[in-house]
Amino acid sequence: MAGGKKKSSTLPSKFQKTLSSIWQDKHMVLFKAEYTFLVTAVLWFLEIGINIWVIQKVEYTEIDWKAYMDEVEGVINGTYDYTQLKGDTGPLVYPAGFVYIFTGLYYLTDHGQNIRLGQYVFAVFYLITLLLVFRIYHRTKKVPPYVFFFVCCASYRIHSIFVLRLFNDPVAMMLLFGAINLFLDGHWTLGCALYSLAVSVKMNVLLFAPGLLFLLLCEFGLWKTLPKLTLCAVIQLVLGLPFLLVNPVGYFSRAFDLGRQFLFKWTVNWRFLPEDVFLSRYFHLALLLAHITTLVLFALKRWKRSGNSIWSILADQSERKETVHKLNIIQTVLVLFTSNFIGMCFSRSLHYQFYVWYFHMLPYLLWSGGVKKLAHLLRVLILGLIELSWNTYPSTNYSSLSLHVCHFIILLCLWLNPTPALPSQKSDNKAKRH
């Protein structure tokens, strides 16, 4: 009994010490990364009220929800030929995971008619996404807590994408952030499975693939990476099997259409170009070449540590020299976020809902840059300009150009970031691997 009393009396003491520490540092709570959990917890609960207010007070705008419902209704009615599935806004162009998830939403929302319920479901998706994002920032402690206000409460566009438009992009990103959390915990196989599920909702998640491949090679070597890549491929085949059995070419050509042509009127990033240049295949090839070149340069000069050859990364763990070190948590997140960001920079077109593809990663990228003298105010200004560019509708020459300038500054800062120091023996990456 005495031991129990002693234990119970210790808990209030620890709690009082924590409160005392916070009170003494109250003027620094928003600036010290160790208070990330406290600040993000407050913001997360605040977001519950904000989402309810937005759903109740701001008018819902129909864009793609009805088309999504029409597309999955076609599958429910027995059409498994992807070339025959379409909605109001055009043919079905998303992989099979999208069909299954939105079929569930179709039934949950009374055949898509109960839009208000659908909004609340997407509010839950938003809160889950935010929880996963905040956990990444809490684990890395890279960004001062005051920035998280801009990661959630301050963005009208992101709330709109989730609860006023009901796009499929947020669903894919929610699964993606779940996969990243699993990677950070050392659950690589399960993380790869969830990553593949995210790809099956929307193909944009493939922008993370180069970074993920690099991490897998660093972690396991070539031969032990192959089973994880096979798992990703098998999941895609299993999910797509009902459609592959009917029209395999039609499924792959629609669900993974890399040559899809975008409409100039919706572009956020290339408004300053003449339309014929925007539609030119030569322009698309130039962007692809720039994308691949930038990825290779970052992989060889920034992600890979000096002194390690690319061949040493490919070698099996048991055959590696002691000089080959795995990446720690901070570097793991940076590689994944940078891989996606490079893809965004050289995208053939960015539509308004694509903002969610990198919105939650921008603070991490800005505070990971190698320009130490880049003031906090300037970083916040860049975030503000990016937000303004995505909120300008229709896009203008100036909004598109300012977006590219901001992208260039972030990319330059990431390039100037020195090759990371070797992790200590007590690195977080010593979590159990599966």
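The values are calculated or read from the model by the stated rules, or taken from the named source; none is laboratory data. Not measured: the values here are computed from a predicted model. FYI the Cβ positions are ideal-geometry reconstructions off the backbone, even for glycines, and counts take in every protein chain you see. Only protein heavy atoms, including side chains, enter the accessible area calculation; ligands, DNA and RNA are left aside. Shrake-Rupley method; radii C 1.70, N 1.55, O 1.52, S 1.80 Å.
Considering the stretch 420-433, the residues that are farther than 20 Å from THR338 by Cα and within 23 Å of the chain's Cα centre (by Cα) include one that is modelled with the highest pLDDT, namely ARG433. Within the stretch 120-143, the set of residues being farther than 21 Å from GLY191 by Cβ, in a helix (DSSP H, G or I) and open to solvent by less than 60 Å² (accessible area, probe 1.4 Å) comprises VAL121, PHE122, ALA123, TYR126, LEU127. Inspection of the stretch 260-274 finds no residue satisfying the criterion of being over 22 Å from the mean Cα position of the chain (by Cα), of a type in the set (D, E, K, R) and within 26 Å of PRO210 (Cα to Cα). All conditions in (1) at pLDDT 90 or above; (2) more than 27 Å from the chain's Cα centre (by Cα); (3) surrounded by 13 or more Cβ atoms within 10 Å (Cβ to Cβ) hold for VAL324, with the sole exception of (1). Can you tell me which residue within the stretch 226-255, out of those that are over 20 Å from THR103 (Cα atoms) and within 22 Å of the chain's Cα centre (by Cα), is surrounded by the most Cβ atoms within 10 Å (Cβ to Cβ)? Of everything passing the filter in the stretch 226-255, LYS228 is surrounded by the most Cβ atoms within 10 Å (Cβ to Cβ). Please enumerate the residues belonging to the stretch 163-196 that are over 26 Å from GLY211 (Cα atoms) and not in a loop (DSSP other than H, G, I, E, B). Correct list: VAL163, LEU164. Counting residues in the stretch 241-255 that are under 30 Å from LEU385 (Cα atoms), at pLDDT below 95 and not hydroxyl-bearing (Ser, Thr, Tyr) gives zero. Identification of helices (runs of 4 or more DSSP H) wholly contained in the stretch 1-94 with 1 or more residues that are modelled with pLDDT of 95 or more yields 36-57, 65-76. Selection of the stretch 144-156 for residues being assigned to a helix (DSSP H, G or I), of a type outside the set (Ser, Thr, Tyr) and surrounded by fewer than 22 Cβ atoms within 10 Å (Cβ to Cβ) yields PHE149, PHE150. Looking at the stretch 403-419, is at least one residue over 21 Å from TRP303 (Cα atoms), of a type outside the set (A, V, I, L, M, F, W, C) and either open to solvent by less than 20 Å² (accessible area, probe 1.4 Å) or at pLDDT 65 or above (or both)? Yes; the residues of the stretch 403-419 include at least one that is over 21 Å from TRP303 (Cα atoms), of a type outside the set (A, V, I, L, M, F, W, C) and either open to solvent by less than 20 Å² (accessible area, probe 1.4 Å) or at pLDDT 65 or above (or both). Of all residues in the stretch 235-255, one or more are touching a residue at least 40 places away in the same chain (Cβ under 8 Å) and farther than 19 Å from LEU85 by Cβ. Of all the residues in the stretch 51-88, those that are of a type in the set (Val, Ile, Thr), open to solvent by 40 Å² or more (accessible area, probe 1.4 Å) and within 25 Å of the chain's Cα centre (by Cα) number 3. Could you tell me whether VAL201 is outside any helix (DSSP H, G or I) and buried (at least 23 other Cβ atoms within 10 Å of the Cβ)? Yes.
Of the candidates HIS284, HIS291, the single residue that is under 23 Å from LEU412 (Cβ atoms) and either at pLDDT 70 or above or under 29 Å from the mean Cα position of the chain (by Cα) (or both) is HIS291.
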